[in-house]
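Undergrad: What follows is a structure written as structure tokens; I'll ask about it next.
The values are calculated or read from the model by the stated rules, or taken from the named source; none is laboratory data. Keep in mind the model is a prediction, meaning the values are calculated, not measured. Cβ placement follows ideal geometry from the backbone for every residue including glycine, while neighbour counts extend to all protein chains displayed. Ligands, DNA and RNA are stripped out before the accessible areas are found, and what is left, the full protein with its side chains, is counted by its heavy atoms. Shrake-Rupley method; radii C 1.70, N 1.55, O 1.52, S 1.80 Å.
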Amino acid sequence: MGQAGCKGLYQSLFDYKTEKYVIAKNKKVGLLYRLLQVSILTYLVVWVFLVKKCYQDTDTSLQSSIITKVKGVTFTNTSELGERLWDVADYVIPPQGENVFFVITNLVVTPNQRQETCAESASVPDALCYEDSDCPPGEPVAAGNGVRTGRCLREGSAQKGTCEIFAWCPVETRSRPTKPLLGEAKDFTVYIKNFIRFPKFNFSKTNVLDTTDRTFLKSCKFSPENPYCPIFRLGSVVSWTGSNFQEIAVQGGVIGIQIEWDCDLDKAPSECYPRYYFNRLDNRFSGNSISSGYNFRFAKYYRDAAGVEFRTLFKAYGIRFDVMVNGKAGKFNIIPTIINVGSGVALMGVGSFFCDLVLIYFIKKSHFYRDKKYEEVRSGHQGNGKVNVEQLQSLQTVEA
Amino acid sequence: MGQAGCKGLYQSLFDYKTEKYVIAKNKKVGLLYRLLQVSILTYLVVWVFLVKKCYQDTDTSLQSSIITKVKGVTFTNTSELGERLWDVADYVIPPQGENVFFVITNLVVTPNQRQETCAESASVPDALCYEDSDCPPGEPVAAGNGVRTGRCLREGSAQKGTCEIFAWCPVETRSRPTKPLLGEAKDFTVYIKNFIRFPKFNFSKTNVLDTTDRTFLKSCKFSPENPYCPIFRLGSVVSWTGSNFQEIAVQGGVIGIQIEWDCDLDKAPSECYPRYYFNRLDNRFSGNSISSGYNFRFAKYYRDAAGVEFRTLFKAYGIRFDVMVNGKAGKFNIIPTIINVGSGVALMGVGSFFCDLVLIYFIKKSHFYRDKKYEEVRSGHQGNGKVNVEQLQSLQTVEA
Amino acid sequence: MGQAGCKGLYQSLFDYKTEKYVIAKNKKVGLLYRLLQVSILTYLVVWVFLVKKCYQDTDTSLQSSIITKVKGVTFTNTSELGERLWDVADYVIPPQGENVFFVITNLVVTPNQRQETCAESASVPDALCYEDSDCPPGEPVAAGNGVRTGRCLREGSAQKGTCEIFAWCPVETRSRPTKPLLGEAKDFTVYIKNFIRFPKFNFSKTNVLDTTDRTFLKSCKFSPENPYCPIFRLGSVVSWTGSNFQEIAVQGGVIGIQIEWDCDLDKAPSECYPRYYFNRLDNRFSGNSISSGYNFRFAKYYRDAAGVEFRTLFKAYGIRFDVMVNGKAGKFNIIPTIINVGSGVALMGVGSFFCDLVLIYFIKKSHFYRDKKYEEVRSGHQGNGKVNVEQLQSLQTVEA
């Protein structure tokens, strides 16, 4: 007793101070507390440790590279193009085999366009005219194909016509075929090679089965039962998204192929394998004609013998595939383990907090327990009080 | 009393143990503690729950697809190209309408290049020569256009000339026009269709107003007042970044269009709408000529009647648009709510810790409170001490 | 005493309640507790604050733009192509200078293909035939170049031949050159301009030295000693990944160039500089012929004088460079600082929890300390008990 002050502080450096607890022999609150403890413990063990694997250090900064290669040929015979065979160099844009690639399934072709004057398409509202003054020269047609020359072209004795324009002539007038030109594209295959690396753990893997069987990749097809063969039939991919191939082939669309790596590196490397998810990524439910489907225009440029440039304009409808990779890897690490055990213990405090509320406010004998839990001290008449307190302490600790 | 040991432990399984508190009737420390409590509670409620919405489970792994479509035509009349109309297939690279697209605004054209020999451009320092020995045959010109043939070409009686090279001849010699060729590109529009999906909540949305009015998208323009019309005038986009269109059109640049989705799925789906941000992404403040602007070279390849290849080289200046999407969605979930309430309670412990320090070290009567807070026990003369302690405990608990 | 109830509660609003501690004068447990405290404090200061910089608010949503520009020319002289000079417009795909670009290093050229009939390549297994019935007309050859016409073409008196197909003829038959056509590509350079912005802190930076010296970027080369000159020699980049340039040039490959920004904005802006990492991203260790290397096919389309289309098919092998940027920035902020101090204090509770276990279960005198730590109260005979308890409290607090 009385060794307070600096000296006492120094002496008591290796004293262990532990909270004093009051044992409340109240079965109800006790049971409540045990229940809360068991709930928190269960949450900790099941959710934090088993499901979320919070004892692991994780790496989500995946390095990934995608190489895609489409295979397949198809033959078409149309009045505009004649007999034509389509191979990969013809229908895949861009050709590089990156993670985003487009397969043409439908085409509007406008061949032999040259820079000259012609009538604007009648389907452009802004091009309609009754007389030449409706076509101010030099002004572009809004949402049209060229700039007005100042003349209004009317066929025969028609009242209404369209402005003459300077443009790539003749302008595109055909509408979208209702039957896809390359409907056979459903049998094309795409080989998706994905190489990933988790830099934190220096762990690399590929989505291709590491086999010495040279014929495996030549003959296999991806299916949920065969996840190590990343060769996909386009028609199957479309059907896995819940879409109809012929419908998407006519008006185009965007399909997302998601590759997900969720690797527990505490297990064997073979347990780390990719999962594939297929989604339709353009809004096929929209009623807007302008916002459904996917198409774009591109041109091939030529020069005739006189050196004059002409081009063939293509309006291509088709399927764009976006291959997206994400993943995370986890490996046991002592620091997150300690942190999570720690916050679990801290969470126990919430249980105590809640049970304390019940004990000292909500049960019948709460008054009694409140008095026991809170020991009131007041230092009003300090001199006098001090002595008495110390007397009591002597009594309590005896050896003083 | 004395039921310690295994039997006692078992009996006390449902006893509730609660920390014993000492009530310090010190108004100053009490006030300090209440202030800290109120601060922490305010922080919890305002910051953690209202601002950060930590009661929600969040999904940041957004699935997004972007389709872009540029519209507009412009007419140019230059000495090199003559009268020419430019449409989308001419000036947008690449044509696919992905999230990154480039609009040509300025051009240096070098037509009819063929594989042959010609003089290197005089603007390449490494190509200057006085005699043939300055041009070692077979060696490429550093930062030049071809490999030296071994001859030094001097015009007339000039002392200095440039090496003859084997290259695509004639080499590009023109410099950048100071007035943009396609300055009218400021009136082009781009339609950006963005479809997003939060896989965790299976929530999809698009940035286009879901309307049945077919003319809405044909006539509207994006503005802060009209955020559901994702049709942007290029000139407006450039001005929103704080740049001057004519300046960026001359030397090129990169503009970022950011679409941000911050969705609270506890509210109505219509509350989840995109916000657009526009930024200049190339460093326009740099004084380096080499590091300002944006341009690249590409070529169109032709064959003449004899089957010999020739090409037209384009050095294209223009604006690259990078459309970037990010977002997150949140929805109420009981687990993060409990976790955050829990860590809030734990944070209260920091308040207690701080007030304890004040109470037992920094106030006048700290000595008194220290003795009350810390009850010293020592087990020196255990037998004797034990009895007396238990006597005291009997006295305290009475019913013993 | 006895001011319990509502009135007492109100009066005691500014009473400070502090946990009552029992001082256990046990050197072993005390030492253990101090050790745990020091460990946790060290962990907090060193790991949480110095290494992880948890006192900072961080921004990981980097805005980044990449502009790449390849330079270099090379001369080849082969039997198929004759003398040819290759410049950037010839060998870089796509030409736009985005973050992913491909440099051709090897080529299989099949010139003058036309839509007609010819024999399928003998290297396609599905095309082998003995008689015409092996070639059902209209059926595409699996993994081949066209659709069967129904005839089996046998040379001379050979038993075995290949089906005649309608395709782009002649079909590609040459195999990959074993010596890279553009082996000199190792001396090409690529200039990578990276502009980043941390929107939360409105901090922008570029990876190019902000110098007024116009010749710096014309002459410098990147090296670990010269990190502000982002001009990379392709051969060096390949060697930094641990690969052999000639090997990758023959069969192609993918190389990742990672730019990492880890910026402490509490320091000077010049301390925020990029770090470059180079990795081989295709799986060069695989034994599968089909899964090694990187190549793709593309075509250039021409029209002859009669307007008939023909093309030159290229099978391009080369190096794809993926430039990836990631980064984070941190700046001091009071809220994460408080949060982390708080969870540090909470972690101390884990130390107490552990030491309590030792104190009351595992040491010799645990029985004694258990009785001191836990004060048993029971409210069996409440009326009687209450009085006595209050008597005791009077004794303890004296001033009552």
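Undergrad: Over the Cα atoms of region A:88-136, how large are the radius of gyration and the largest Cα-Cα distance (Dmax), in Å?
TA: In order Rg, Dmax, the Cα atoms of region A:88-136 give 18.5, 52 Å.
Undergrad: Name the residue from B:Cys118, B:Cys54, B:Leu41 whose Cα lies farthest towards the positive end of the charge dipole of region B:12-127, charges +1 on Cβ of Lys and Arg and -1 on Cβ of Asp and Glu.
TA: B:Leu41
Undergrad: Name the residue farthest towards the positive end of the dipole of the protein assembly as shown from the options C:Ile338, B:Thr149, A:Leu31, assuming +1 on Cβ of Lys and Arg, -1 on Cβ of Asp and Glu, about the Cα centre.
TA: A:Leu31
Undergrad: With springs connecting C-alpha atoms under 10 Å apart, model chain B as a Gaussian network and identify which of B:Gly256, B:Gly138, B:Gly97 has the largest mean-square fluctuation.
TA: Comparing B:Gly256, B:Gly138, B:Gly97 in a Gaussian network model of chain B, the most mobile one is B:Gly138.
Undergrad: Here is a further query. If the viscosity is 1.306 mPa s and the temperature 10 °C, what translational diffusion coefficient in µm²/s does Stokes-Einstein give for chain A when Rh comes from Kirkwood over Cα pairs?
TA: On the way: Rh = 29.5 Å.
This corresponds to a translational diffusion coefficient of 54 µm²/s.
Undergrad: For region B:178-271, what relative contact order do you get, as a whole percent, if you take Cα pairs closer than 8 Å and at least 6 residues apart? Walk me through the numbers on the way to the answer.
TA: Working: 85 pairs, mean separation 28.6, N = 94.
Rounded, it is 30 percent for region B:178-271.
Undergrad: Another question, if that's okay. How many nanometers, to one decimal and shortest first, lie between the label point of C:Asn333 and those of its other copies, if labels sit 7 Å from Cα toward Cβ?
TA: 2.1, 2.1
Undergrad: Kindly give Rg over Rh for region C:134-223, based on alpha-carbon atoms, with the Kirkwood expression for the hydrodynamic radius.
TA: Details: Rg = 28.0 Å, Rh = 19.8 Å.
Rg/Rh for region C:134-223 comes to 1.42.
Undergrad: Compute and list, largest first, the equivalent-ellipsoid semi-axes of region C:48-105 from the alpha carbon gyration tensor, each √(5λ) rounded to a whole angstrom.
TA: Details: eigenvalues 424, 29, 12 Å².
The three semi-axes for region C:48-105 are 46, 12, 8 Å.
Undergrad: Per DSSP H run of at least 4 residues, take -39500 (n - 2.57); add these up for the protein assembly as shown, divide by its residues and hand me the 222 nm value, nearest 500 deg cm²/dmol. Please report the intermediate quantities before stating the final value.
TA: Details: 27 runs with 279 residues, N = 1200.
After summing the helix terms and dividing by the residues of the protein assembly as shown, the value is -7000 deg cm²/dmol.
Undergrad: Then there's this: Compute the distribution of all C-alpha to C-alpha distances in region A:243-366, in bins of 5 Å from 0, and list the percent of pairs in each, rounded to whole numbers.
TA: Spelled out bin by bin, region A:243-366 gives 2, 8, 9, 8, 7, 8, 7, 8, 7, 7, 7, 6, 4, 3, 2, 1, 1, 1, 1, 0, 0, 0 percent.
Undergrad: Residues of region B:231-246 with the amide nitrogen closer than 16 Å to a label point 7 Å from the Cα of A:Ala143, along Cα-to-Cβ, please.
TA: Residues passing the 16 Å test: B:231-233.
Undergrad: In addition: Report the Rg/Rh value for region A:287-343, based on alpha-carbon coordinates and the Kirkwood definition of Rh. Walk me through the numbers on the way to the answer.
TA: Values: Rg = 27.4 Å, Rh = 17.9 Å.
Ratio of gyration radius to Kirkwood radius for region A:287-343: 1.53.
Undergrad: Moving on to the next point. Could you pull out the chymotrypsin sites (Phe, Trp or Tyr not before Pro) across region C:75-174 that fall in loop regions by DSSP (anything but H, G, I, E, B) with no more than 16 other Cβ atoms inside 10 Å?
TA: Values: sites: C:Phe75, C:Trp86, C:Tyr91, C:Phe101, C:Phe102, C:Tyr130, C:Phe166, C:Trp168; in loops: C:Tyr130.
Answer by residue number: C:Tyr130.
Undergrad: Now, a different point. If you wrap region B:179-259's Cα atoms in a convex hull and average its projection over all directions, what's the area in nm²? Display every interim value, and only then the final one.
TA: Working: hull surface 27.8 nm².
Averaged projected area of region B:179-259's Cα convex hull equals 6.9 nm².
Undergrad: Running a GNM on chain B with Cα contacts under 10 Å, which residue among B:Glu376, B:Glu225, B:Glu83 ends up with the highest mean-square fluctuation?
TA: Evaluated over chain B, the most mobile residue of the options is B:Glu376.
Undergrad: Given H placed 1.01 Å from N in the peptide plane, which residues other than close sequence neighbours of A:Gly146 have an amide H under 5 Å from its amide H?
TA: A:Val141
Undergrad: Okay, moving on. Taking 2.2 N^0.38 Å as the expected size of a compact globular protein, what ratio does the Cα radius of gyration of region C:82-188 give against it, to two decimals? If you can, show how the numbers build up before the last one.
TA: Numbers: Rg = 18.5 Å, N = 107, 2.2 N^0.38 = 13.0 Å.
Scaled against compact globular proteins, the figure is 1.42.
Undergrad: Relative to the first principal axis of the alpha-carbon coordinates of chain C, what is the inclination of helix C:334-357, with its axis defined by its Cα atoms, in degrees from 0 to 90 and to the nearest 10?
TA: 60 degrees
Undergrad: If contacts are Cα pairs under 8 angstrom and at least 6 residues apart, what is the relative contact order of chain A in percent? All intermediate terms of the calculation are to be shown ahead of the outcome.
TA: Numbers: 684 pairs, mean separation 78.3, N = 400.
Dividing the mean separation by the residue count of chain A yields 20 percent.
Undergrad: Now for a separate question. Can you give the charge dipole size of the protein assembly as shown about its Cα centre, rounded to the nearest 20 debye, using +1 on the beta carbon of Lys and Arg and -1 on the beta carbon of Asp and Glu? Mind showing how you got there, number by number?
TA: Details: 144 positive and 120 negative charges, 1083 e Å.
Magnitude of the dipole: close to 5200 debye.
Undergrad: Farthest toward the dipole's positive end in the protein assembly as shown, which of C:Gly307, A:Pro136, B:Thr74, given Cβ charges of +1 (Lys, Arg) and -1 (Asp, Glu) about the Cα centre?
TA: About the Cα centre, the residue reaching furthest to the positive side is B:Thr74.
Undergrad: If each label sits 7 angstrom from Cα along the C-beta direction, how far apart, in nm, is A:Cys220 from its counterparts in the other copies?
TA: A:Cys220 label point versus its equivalents elsewhere: 4.9, 4.9 nm.
Undergrad: So which aspartates and glutamates pass the test for B:Lys17, namely a Cα distance under 14 Å, with those fewer than 8 places away in the same chain ruled out?
TA: Cα-Cα hits under 14 Å: A:Glu19, A:Asp356, C:Glu19, C:Asp356, C:Asp371, C:Glu375, C:Glu376.
Undergrad: Return, for the Cα atoms of region C:22-128, the radius of gyration and Dmax in Å, separated by a comma.
TA: Here Rg and the maximum Cα pair distance are 33.7, 100 Å.
Undergrad: Over the protein assembly as shown, average the accessible area per residue using a 1.4 Å probe and give it in Å², no decimals. Each step should come with its number before you reach the end.
TA: On the way: 54180 Å² over 1200 residues.
Per residue, the protein assembly as shown has 45 Å² of solvent-accessible surface.
Undergrad: Only Cα pairs within less than 10 Å get springs; with that Gaussian network setup on chain C, which residue of C:Pro177, C:Pro111, C:Pro125 has the largest fluctuation?
TA: C:Pro125
Undergrad: Further question on the same structure: So how strong a dipole does region B:242-356 carry about its Cα centre when Lys and Arg Cβ are +1 and Asp and Glu Cβ are -1, to the nearest 20 debye?
TA: Working: 12 positive and 11 negative charges, 134 e Å.
Rounded to the nearest 20 debye, it is 640 debye.
Undergrad: Right, something else. Separation between the A:Glu225 and C:Ser219 pseudo-spin-labels, each 7 Å from Cα along Cα→Cβ, expressed in nm?
TA: Between A:Glu225 and C:Ser219, the label points sit 6.9 nm apart.
Undergrad: Related question: Using a simple spin-label model with points 7 Å from Cα along the Cα→Cβ vector, what separation in nm is obtained for C:Thr117 and A:Ser133?
TA: 6.5 nm
Undergrad: Then there is this: List the distances, in nm to one decimal, from the label point of A:Tyr301 to the label points of the same position in every other copy, shortest first, placing each label point 7 Å from Cα along the Cα-to-Cβ direction.
TA: Going from nearest to farthest copy, the values are 1.5, 1.5 nm.
Undergrad: If you don't mind, another one. Please compare each pair in A:Lys53/A:Lys365; A:Lys28/B:Lys373; A:Lys53/A:Lys372; B:Lys71/B:Lys267; B:Lys364/C:Lys372; A:Lys315/B:Lys186 to a cut-off of 32 Å on the Cα-Cα distance and tell me which ones are over it.
TA: On the way: A:Lys53/A:Lys365 43 Å; A:Lys28/B:Lys373 29 Å; A:Lys53/A:Lys372 42 Å; B:Lys71/B:Lys267 36 Å; B:Lys364/C:Lys372 29 Å; A:Lys315/B:Lys186 24 Å.
Among A:Lys53/A:Lys365; A:Lys28/B:Lys373; A:Lys53/A:Lys372; B:Lys71/B:Lys267; B:Lys364/C:Lys372; A:Lys315/B:Lys186, the Cα-Cα distance tops 32 Å for A:Lys53/A:Lys365; A:Lys53/A:Lys372; B:Lys71/B:Lys267.
Undergrad: On the principal axes of its Cα set, how long, how wide and how thick is the protein assembly as shown? Give whole Å, largest value first.
TA: Projected onto its principal axes, the Cα set of the protein assembly as shown covers 119, 74, 73 Å.
Undergrad: To make sure I understand the rule: partners must be aspartates and glutamates, Cα under 17 Å from the Cα of A:Lys205, and not fewer than 8 residues away in the same chain. Which ones qualify?
TA: A:Asp59, A:Glu260, A:Asp262, A:Asp264, A:Asp266, A:Glu271, C:Asp282
Undergrad: Got a sec? What order do B:Ile196, A:Ile40 fall in by accessible area at 1.4 Å, biggest, i.e. largest, first? Present the calculation step by step, with values, prior to reporting the outcome.
TA: Details: B:Ile196 0, A:Ile40 25 Å².
Correct descending sequence by accessible area is A:Ile40, B:Ile196.
Undergrad: Something else now. Just the number, please: buried accessible area between A and C, total of both chains, 1.4 angstrom probe, nearest 100 square angstrom.
TA: Numbers: alone 25560 and 25600 Å², together 43350 Å².
By this definition, chains A and C bury close to 7800 Å².
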